[in-house]
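What follows is a short report on a single structure.
The values are calculated or read from the model by the stated rules, or taken from the named source; none is laboratory data. Since the model is a prediction, treat every value here as computed from it, not as a measurement. Cβ placement follows ideal geometry from the backbone for every residue including glycine, while neighbour counts extend to all protein chains displayed. To get the accessible areas, we keep the full protein, side chains included, count just its heavy atoms, and leave off ligands, DNA and RNA. Shrake-Rupley method; radii C 1.70, N 1.55, O 1.52, S 1.80 Å.
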Amino acid sequence: MEESPLTQDARPTSFQPKIDRLYEDLFKQDDEDYADSDGFWGEFFLLKPDKSALERRLEAITTDDLLHIQHETQQLFMRAVYQVKARKAPSDEHALNTLTVFLGVILAKRYTNPSADIITVLAGLDEVDTVFFEFANAIEGIVRTSGSLEVRSKAIDVALSLTSGAYQTSLVSYFTHRDLFPALMKLIQDSETPEQVFKPYLLLGLLANYNKFEFRNPYRLRLEDFVNEGIIQKIIRGLGSTCSQSRDSYVAIQEDIAEGWTLSNTLAYISLGLLASAKGAKPILPNADDVKEGFAVLPNPNAAVLLGVYDFTNANKIFCSNFVSCPPDPRTGEAPFSAFLSFTSYTLHHGYRSLRATRYGLLNLLILRIIVEDLVLCKILCDPEVLLAVRLCRQRQPFLPATPKPRPTITSILDILVDTINHNLRRHLDTPLYISTVGLIHRILSYLTFTRTRLTYHWSLLWQTLLSFLRFMTTYAPSLTVQDPDLTLLIKPFLTTLALAVTSGESFLPDPAAYDDLFYKLVEAGDYLNRFKKAFQPHLPSPEALNANPNGPITAPIDILIQVAAHNHDLVEAEKGKGRMSSNLSPKEVSKVIRQGYETLSLPAMDGLDRWDRFREGDERGMLKRVARVAVEDTKRLLRA
């Protein structure tokens, strides 16, 4: 090896950055102690950290070896906290970058006794309270008062690294004792772009969900009491930006803009999120396997922010009101709620591809349920004067109808629900997804019935979808009844929704033709209705549970449907037997017979068909915990990116 003419030392075969040599000196297990040297740490934090080198060296250390060099790891953590508190550039920023990587790797390792071992590696059992209270205070101070948005964002990264990595331990509780909410709101208020809202709001969502079913989470209380509409609107615009980006990840794999559009129309489509025509979508990736693999990893990790959206929606009516009515982003022309619905459409369209996508889809349906159950908000969604353009997913057949013009928001929500039913049908049915989807349709029709709101919509598609689902369930009844004990929770709102449409459709359908079409489709499904009743008899809702008037007639929803189908079927058969030259009636003639049959049809009055149970968070405890775990893992992925 050639010697250096200046130092006479052997030249290294490859260049090693000084900071990497310091990492090597710190973590090597020998008798030389660098961890107690002030000079070592002064140089350590003056040098710009090499994140990949630090991550590589930490990952190479086993958990047993980490416990063996606990003095060094404790010193690294405490010295970094000291540099953050000192707020002296560039050491404070370097310390924040180091902490993000250090905590991310240390907390991701598998320990024999996770809580105790992690505390030992980071602070020691005797000093844990002192060290972590100082850590929480240092992070809060930087986030709240630092003059640099970049440094404040790096402090959020550190907090996210600890929160996501230690979510199953008691360490996150230090952020509940040291309330970060005012600091996070101040950072959001000071943000200059919607994108800068993402990380602080993601952190808020994780903290608000931390052990919230085990104790009264203080961040949830903060969300309930928050009334600053300026900050709320900044959060909503940031959410809209995130949803647009997440939606665009799907479009980057398979474009679903229709062929034959002009450049100007295409640009308008992108900015306003309008729907395409009925022509198919073109894959951008070269082959079907690439497309399949691309969709399988979506939605992207940014979807973790939806956890905070759910909590704010559930806790704060001011947030909900601003969410559904926030004006379009001047840069894109897309309203935040439109972006949210668009992202929901794409997520649920591909929900069957992964359990992760399904869980985010369920969370979005829960957000929509909370909004729809609020009569004031639902009135806004159904208002024919309040129109919204939403880009809906059309990447797989059957495609939703093309509706390029803005329309009442509730019609886009109905389209999303129809699309969810059509594209997630599997023999092993995702029952929770269909319970949420059908339940939301039932709530929407109940509101329209209650308010007698006549809604212009392609109702024929909804009836076709619901009755196709009935045929599907009838066909696969043997496997469905065996595999799923919760089937009753799906069948009850499903049959109630159809019975409500039959008995009260004239109060919300726009014209008699739409009502005739419902009856026509019931006649077509008549045989399946009887088979459905026989196959799912133990799961059918009892008429007593639905009827609000104990003195009135008692009829089950399935019997109403069978009665209507049989009545009109008999009329059609009678018309065929009147000596006509052809025994086949045209659809127009069948509709005419059905219309005439209203005079002889007697439907029982059922007061309970429009009733539903209001959302209670405790009922969804298991699902929310599973979504929180997914959001935690996605946060780790974001920090590693």
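Taking Lys and Arg as +1 and Asp and Glu as -1, the other residues whose beta-carbon sits under 13 Å from that of HIS569 total -3.
Anything over 31 Å Cα to Cα? Flag those among LYS109/LYS625; LYS48/LYS109; LYS405/LYS533, in the order listed.
Details: LYS109/LYS625 22 Å; LYS48/LYS109 25 Å; LYS405/LYS533 41 Å.
LYS405/LYS533, as the Cα separations exceed 31 Å there.
Assuming a ≥ b ≥ c are the square roots of the Cα gyration tensor eigenvalues, decide whether segment 85-230 counts as rounded (a/c under 1.5), prolate (otherwise, with a/b larger than b/c) or oblate. Intermediate results must be reported in sequence, preceding the final value.
Values: a/c = 1.89, a/b = 1.22, b/c = 1.54.
Taking the square roots of the gyration eigenvalues as a ≥ b ≥ c, segment 85-230 is oblate.
Take 438-449, 336-347, 227-238 and order them by the average number of nearby Cβ atoms within 10 Å per residue, most first; the result is 336-347, 438-449, 227-238.
Once all protein chains are placed together, ASP517 keeps about 40 Å² accessible to a 1.4 angstrom probe. In the assembled protein chains, TYR598 presents an accessible area of approximately 70 Å² (probe radius 1.4 Å).
Hey, if we sort THR600, THR635, THR120 by accessible area with the 1.4 Å probe, largest down, what's the order? Numbers along the way, then the final one.
Values: THR600 95, THR635 0, THR120 25 Å².
Result of the area sort, largest leading: THR600, THR120, THR635.
Between helix 70-86 and the chain there is an angle of about 80 degrees, using the helix long axis and the longest principal axis of the Cα atoms. Taking amide H as placed 1.01 Å from N in the peptide plane, the amide H of GLN254 sits under 5 Å from that of ILE284, each at least 5 places away or on another chain. Mean residue ellipticity at 222 nm, helices only, the chain: -20000 deg cm²/dmol; runs of at least 4 DSSP H residues each add -39,500 (n - 2.57), and the sum is divided by the number of residues. Which shape class applies to segment 363-486: rounded if a/c is under 1.5, otherwise prolate when a/b exceeds b/c and oblate if not, where a ≥ b ≥ c are the square roots of the Cα gyration tensor eigenvalues? It comes out prolate by the Cα gyration axes. Heavy-atom accessible area for VAL632, with the other protein chains in place and a 1.4 Å probe, reaches approximately 10 Å².
Using the average count of surrounding beta-carbon atoms within 10 Å as a protection proxy, the listed peptides 304-314, 521-531, 208-218, 413-423 rank, highest first, as 304-314, 413-423, 521-531, 208-218.
Applying the Karplus relation 6.51 cos²θ - 1.76 cosθ + 1.60 with θ = phi - 60° to segment 336-351 yields 3J(HN,Hα) values of x, 5, 5, 5, 4, 5, 4, 4, 4, 4, 5, 5, 6, 4, 10, x Hz, where x marks Gly and Pro. Could you tell me which label, among [x] 27.1; [y] 27.9; [z] 25.8, carries the value of Kirkwood radius over Cα pairs in Å calculated for this structure? Answer by label: [y]. When MET623, MET473 are compared by accessible area of protein heavy atoms, the largest-first order is MET623, MET473, using a 1.4 Å probe. With a sphere of radius 13 Å drawn around the Cβ of ARG110, what net charge do the other residues whose Cβ falls strictly inside it have (Lys, Arg +1; Asp, Glu -1)? Every neighbour counted, the sum reads -2.
Annotation: per residue accessible area for the chain equals 43 Å², rounded to a whole number [probe 1.4 Å, protein chains only].
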